[in-house]
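Have a look at the structure below, then the notes.
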Amino acid sequence: MNDISKEIARALSQYTDEVKEGLEEAKKETAKETVTNLRNNSPKLTGDYAKGWKTKKNGTAQVVHNKTDYQLTHLLENGHVKRGGGRVQAIPHIKPAEEEAIDNYVKKVEKVIKG
């Protein structure tokens with residue numbers, strides 16, 4: 001009886017480690033895919049804004065951010081008022097990439113957990 005409990009504990013420990021590794025890999029892959037998506041779908045006047053999308057690890061999280069032109073993300077995503085009056089049209093590119101990333105990550109997590 002004691003051997004069975006040890007074997008079960010060992011198997012659960014091994015499964016837990018595999019799931020942790022799988023989730024970490026899923027986070028990295030999803031972040032890289034999101035960066036690629038944002039680079040392809042961002043507005044391109046000179047191309048600098050689109051090239052600025054990067055991923056970095058912050059604690060246990062993977063963060064996608066625009067390293068070069070972070071000030072423009074809100075203005076481009078939501079539009080803004082012009083100096084002389086009127087508005088600049090919004091170019092939604094972050095929200096669709098976020099939604100796609102969430103869906104992809106959930107699918108990858110389910111795949112990792114199911115084995």
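Odds and ends about this structure:
- For the chain, built as a Gaussian network whose Cα springs stay under 10 Å, the top-fluctuating residue of T68, T46, T36: T46
- Value of [θ]222 nm, deg cm²/dmol, for the chain, DSSP H segments ≥ 4, -39500 (n - 2.57) each, nearest 500: -21000 deg cm²/dmol
- Sparsely packed trypsin sites (Lys or Arg not before Pro) within region 1-103, loop by DSSP, other Cβ within 10 Å at most 10: K82, R83
- The label point for D103 and the one for H74, both projected 7 Å from the Cα toward the Cβ, are 2.9 nm apart.
- For the chain, modelled as a GNM whose springs connect Cα atoms under 10 angstrom apart, the maximal fluctuation among N66, N104, N78 occurs at N78.
- Annotation: extensible slack from K95 through K6 equals 27.3 nm (criterion: 0.36 nm per residue apart, minus Cα-Cα distance).
- Here the dipole of the chain is about 640 debye; that uses its Cα centre as origin and unit charges on the Cβ of Lys and Arg (positive) and Asp and Glu (negative).
- Dimensionless Rg ratio for the chain, taking C-alpha atoms and the 2.2 N^0.38 Å reference: 1.54
- Cα long-axis angle, helix 94-114 against the chain (0 to 90 degrees, to the nearest 10): 10
- Projecting label points 7 angstrom from Cα along Cα→Cβ for D17 and K44 puts them 4.5 nm apart.
- Structure note, pairs K56/K95; K28/K67; K57/K108; K51/K111: Cα-Cα distances above 24 angstrom occur for K51/K111.
No lab work stands behind these numbers, since they all come straight from the coordinates. Quick caveat: nothing in here was measured; it's all calculated off a predicted structure. A quick note on method: Cβ atoms are made from the backbone with ideal geometry, for glycine too, and the neighbour counts reach across all protein chains shown.
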